[in-house]
Amino acid sequence: MEHLETESPGVYTLTTGSITVLVEPEFLDEQSDPDEHRFVWAYHVRIENRGNQVVQLKSRYWHITDQSGQVQEVSGVGVIGEQPWLSPGESFEYTSGTPLATPSGIMHGHYVMQADRGDAFKAAIPAFSLDSPYHHGQLH
């Protein structure tokens, strides 16, 4: 079961079972070049284990859609080269990024988590908006 929460403006939060994922996107103006159709965002992620079992993040999946509807899917082992273990009450934070050819878009996805005593399961990543100052109005 998933539960969408409201944290603070600009922070997207979703809880799946005992795993809460918080994402805060940030437009990187200094790495972007609108004249070359290059818009870059960082996204800061915190994954919290609110359960009573140790879990490991095994893999990730991202579904990225730009303003024109172009979709990019990204999957792979772990995040930023790590497959962190989270004990009950622990969290893991990392920052990554994505470029788009348009001034706005949206991302969502999931992590595959493995419980220390149990099966693998998916922890949803909330859909979050990628809005640059070069796009007037919020897309999502």
If the chain between Gln53 and Ser96 were fully extended at 0.36 nm per residue, the gain over the current Cα-Cα distance would be 12.8 nm
Computed for the chain: size of charge dipole around the Cα centre, +1 on C-beta of each Lys and Arg, -1 on C-beta of each Asp and Glu, debye to nearest 20, value 580 debye
Ser68 and Asp35 label points (each 7 Å along its Cα→Cβ direction) are spaced in nm at 2.0 nm
Ranking Gln83, Pro126, Val55 by how far each Cα lies towards the positive end of the charge dipole of the chain (+1 on Lys and Arg Cβ, -1 on Asp and Glu Cβ), the top one is Val55
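Here, each number is a calculation from the coordinates, and none is a lab measurement. The model shown is predicted, which means the values in this text are computed figures rather than measured ones. Positions of Cβ are generated from backbone atoms using ideal geometry, with glycine treated the same way; all protein chains shown enter the neighbour counts.
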